[in-house]
1. Looking only at segment 106-136, count every residue that is among the hydrophobic types (A, V, I, L, M, F, W, C) and touching a Ser or Thr at 6+ places or on another chain (Cβ under 8 Å) and tell me the total.
2. Scan R199, R229, R214 and give me the residue that is in contact (Cβ under 8 Å) with a residue 12 or more places away in the chain and either within 7 Å of the ligand (Cβ to nearest atom) or under 12 Å from V252 (Cβ atoms) (or both).
3. Considering only residues that are touching a strand residue (DSSP E or B) at 6+ places or on another chain (Cβ under 9 Å) and free of Cβ contacts under 8 Å to residues at least 40 places away in the same chain, look in segment 121-133 and name the one that is nearest to the ligand (Cβ to nearest atom).
4. Name the pairs whose Cβ atoms lie under 9 Å apart, with the first residue in segment 146-157 and assigned to a helix (DSSP H, G or I), the second of a type outside the set (S, T, Y) and within 16 Å of the ligand (Cβ to nearest atom), and 6 or more positions between them or separate chains?
5. Search segment 67-105 for residues being of a type in the set (K, R) and in contact with a Ser or Thr (Cβ under 9 Å, 6 or more places away or on another chain), and hand back the single one that is farthest from T18 (Cα to Cα).
6. Can you list the helices (runs of 4 or more DSSP H) lying wholly within segment 159-272 that have 3 or more residues being among the charged types (D, E, K, R)?
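The values are calculated or read from the model by the stated rules, or taken from the named source; none is laboratory data. All values derive from a computational prediction rather than experimental measurement. Note that we place each Cβ from the backbone using ideal geometry, even for glycine, and neighbour counts take in every protein chain shown.
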Amino acid sequence: MQAVEAGGARIPLIGLGTWDLRGKTCTRMVDEALRLGYRHIDTAAMYDNERAVGEGLRASGIKRDEVFVTTKVWQSDLRARDFERSTKESLSNLKLDQVDLLLIHWPNPSIPLAETIGALCKMKREGLARHVGVSNFTVTLIEEAVKLATEPLVCNQFECHPYLDQSKLIAATRKRGMAVVAYSPIARGQAKGDEVMARIGRAHGKTAAQVCLRWLVQQDIVVIPRTSRSERLKENFEIFDFKLSPAEMTEVAKLGSPRGRIVDWSGGPAWD
Ligand SMILES: NC(=O)c1ccc[n+]([C@@H]2O[C@H](COP(=O)([O-])OP(=O)(O)OC[C@H]3O[C@@H](n4cnc5c(N)ncnc54)[C@H](OP(=O)(O)O)[C@@H]3O)[C@@H](O)[C@H]2O)c1
């Protein structure tokens, strides 16, 4: 499995996103994904599915140290004491001693960042997380977080797909040695009906969704597409046996605009 290295972490280039997957469906998709070859699962305390994710991990029979598991602490739990409680609850729900990556899910302007980053780094020092990072951090917040952190921040996870021009945030993330992890990498399914990516895909015997994911991984951006369908698990995983030409990469990039966000940011940070 190809991976992106950052801050001592090796993050598999593709993972299964699990937002909105619940109960048996979630367990089945995690189990099937791991059997297919996925080695990276993305969950969060807020998704309320960590028990089901943990069951899927165990059902697959894949050894614990072969799977990269990410979870996140929600915005309301960013005070130091809450942060630690939330992390321990996540581990208990997943039935794991440690996650591979623990993220601040969304920044919270009403809680000092120093307190939250301190709590995040403590989780690494105490062995509850192998690596730590952030999610939905802006350019300004990345700079502040890096200054405050006593442990390497290995990634910034944010919305990233061809319809949204994230070049500034990608550059700022990489400047600080962090990996870019793309959430909503197929624009919540929108890429499927895209004429440009469908045409490019036909030339490679691939679907528009596969071209969309390939465009990201070919830039060393980690992708975590979510699906509730077995056939799409396979489709989303089969993106490592073809390559987009420089002209095709440019054509897909042209679909992007700074206003192409599809995930609601109204509860998000207002720093820049
Ligand atoms: N850190 C954050 O704040 C944050 C925010 C959002 C998401 N995330 C993470 O990122 C993951 C992925 O993002 P996302 O769930 O928002 O969106 P996404 O992965 O871009 O899209 C998921 C949607 O696309 C459909 N889909 C999946 N594969 C497809 C394919 N090959 N062709 C056509 N449609 C396809 C799925 O429907 P079916 O189920 O019917 O296949 C689902 O409706 C989440 O699950 C979560 O783990 C993190």
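1. Number satisfying all stated conditions: 5.
2. R214
3. Quick first cut of segment 121-133, residues touching a strand residue (DSSP E or B) at 6+ places or on another chain (Cβ under 9 Å) only: 121, 123-124, 128-133.
Adding the requirement that they be free of Cβ contacts under 8 Å to residues at least 40 places away in the same chain leaves 121, 124, 132.
Details: C121: 19, K124: 19, V132: 14 Å.
Ranking the qualifying residues of segment 121-133, first place goes to V132.
4. V146/L153; V146/M178
5. Out of the qualifying residues, it is R79.
6. On the way: elements: 167-175, 195-204, 208-217, 230-237, 246-253.
Those helices (runs of 4 or more DSSP H) span 167-175, 195-204, 230-237.
Quick grid of which residues meet (1) modelled with pLDDT of 95 or more; (2) within 22 Å of the chain's Cα centre (by Cα):
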| position | (1), (2) |
| --- | --- |
| E195 | yes, no |
| R199 | yes, no |
| V222 | yes, yes |
| S245 | yes, no |
| E248 | yes, no |
| R261 | no, yes |
| S266 | no, yes |
